[in-house]
Amino acid sequence: MFDFLDVYPWLLPIIIFFGRICDVTLGTLRIIFVSKGEKNKAPIVGFFEVFIWIVIISQIISRANDLISYISYAAGYAAGNYIGILVEKRIAFGYQLFRVYTKKDAHTLMKLLNQDGFGSTYIRGEGIISEVDIVETVVSRKGGEKVVQTIQQFDPDAFYLVEDIRSKQKGVFGFSAGGFPRIGK
């Protein structure tokens, strides 16, 4: 399969490096899919992850006998972790729960969130110092930055938490262009 490496042995460290980037990036995505309960996506990604790994490791065992190949393997692993994180942020798979604690009137924040297409729930709370309004909203991870901007615009001193959630169902998850709620399953 890699007979050309007998003629061009200098390509081996390059193949090892990029192969490791691919398999570690896929490993990062597989872990995310497993943690989110994506039982159909995780095995497919895992298949390609292990296939690439076994091809690379077989080349290391059969051909690599120099330090450069070993360094390429380690560097590809490190770069694969970095690229995996970048890819994961880019695809922003899943949902997040934002829980906002504010001393300002939460109804205004709810209106701002609704205008941006996010549903929300208001809860009255009592902290150690004073009463607070608590607003919760579940958004896709792609919408998270917009929610942060809305919160900071509304109350720069608001305390908020962001939690990844595994699944969601039966709620209002944003609003349609016509202002009607989008009901989730």
I'm told Phe33 meets every condition in (1) more than 19 Å from Pro13 (Cα to Cα); (2) not in a helix (DSSP H, G or I) except one. Can you identify the failing condition by its number? (2)
Among the numbered criteria (1) touching an Asp or Glu at 6+ places or on another chain (Cβ under 9 Å); (2) within 30 Å of Ile31 (Cα to Cα), which single criterion is violated by Thr121? (2)
Counting only residues that are outside any helix (DSSP H, G or I) and free of Cβ contacts under 8 Å to residues at least 60 places away in the same chain, which one in segment 53-81 is nearest to Pro9 (Cα to Cα)? Ala64
Can you name the number of the only condition in (1) open to solvent by 60 Å² or more (accessible area, probe 1.4 Å); (2) under 13 Å from the mean Cα position of the chain (by Cα) that Ile71 fails? (2)
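If the requirement is being modelled with pLDDT under 90, among the small types (Gly, Ala, Ser) and more than 27 Å from Val87 (Cα to Cα), which of these qualifies: Gly178, Gly117, Gly174? Spell out the reasoning first.
Numbers: Gly117 fails: more than 27 Å from Val87 (Cα to Cα); Gly174 fails: more than 27 Å from Val87 (Cα to Cα).
Exactly one of Gly178, Gly117, Gly174 is modelled with pLDDT under 90, among the small types (Gly, Ala, Ser) and more than 27 Å from Val87 (Cα to Cα), namely Gly178.
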Single condition Ile44 does not satisfy, out of (1) without any contact (Cβ under 8 Å) to a residue 24 or more places away in the chain; (2) not in a helix (DSSP H, G or I): (2)
Is it the case that segment 83-93 has a residue that's in contact with a Ser or Thr (Cβ under 7 Å, 6 or more places away or on another chain), of a type in the set (Asp, Glu) and in contact (Cβ under 8 Å) with a residue 40 or more places away in the chain? yes
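A quick yes/no check of all residues on (1) on the phi < 0 side of the Ramachandran plot; (2) over 22 Å from the mean Cα position of the chain (by Cα); (3) at pLDDT 90 or above; (4) of a type outside the set (S, T, N, Q):
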{"position": "Phe4", "(1), (2), (3), (4)": "yes, yes, no, yes"}
{"position": "Glu49", "(1), (2), (3), (4)": "yes, no, yes, yes"}
{"position": "Ile52", "(1), (2), (3), (4)": "yes, yes, yes, yes"}
{"position": "Ser58", "(1), (2), (3), (4)": "yes, yes, no, no"}
Residue ID - farthest from the chain's Cα centre (by Cα), chosen from residues in segment 99-146 that are part of a strand (DSSP E or B) and aromatic (Phe, Trp, Tyr): Tyr122
Does at least one position in segment 99-106 carry a residue that is of a type in the set (Phe, Trp, Tyr), in contact with a strand residue (DSSP E or B) (Cβ under 6 Å, 6 or more places away or on another chain), at pLDDT 90 or above and open to solvent by less than 40 Å² (accessible area, probe 1.4 Å)? no
Members of segment 23-47 found to be open to solvent by 20 Å² or more (accessible area, probe 1.4 Å), among the hydrophobic types (A, V, I, L, M, F, W, C) and over 14 Å from the mean Cα position of the chain (by Cα), listed by number: Ile44, Val45, Phe47
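Identify, please: which residue in segment 86-98 is open to solvent by less than 60 Å² (accessible area, probe 1.4 Å) and either assigned to a helix (DSSP H, G or I) or among the basic types (Lys, Arg) (or both) and is, among those, nearest to Thr137 (Cα to Cα)? Quick ask: steps written out before the conclusion?
So the first thing to find is which residues in segment 86-98 are open to solvent by less than 60 Å² (accessible area, probe 1.4 Å), and the list is 87-88, 92-94, 96-98.
From what's left, either assigned to a helix (DSSP H, G or I) or among the basic types (Lys, Arg) (or both): 87-88.
Numbers: Val87: 25, Glu88: 22 Å.
The residue in question is Glu88.
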Hey, Arg20 crowded, with 16+ Cβ neighbours inside 10 Å, of a type in the set (Lys, Arg) and part of a helix (DSSP H, G or I) or not: yes
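The values are calculated or read from the model by the stated rules, or taken from the named source; none is laboratory data. Keep in mind that what you see is a predicted model, and the values were worked out from it rather than measured. With ideal geometry, Cβ positions are generated from the backbone for all residues, glycine too; neighbour counts draw on all protein chains shown. The area values use the complete protein model at the heavy-atom level, side chains included, leaving out ligands, DNA and RNA. Shrake-Rupley method; radii C 1.70, N 1.55, O 1.52, S 1.80 Å.
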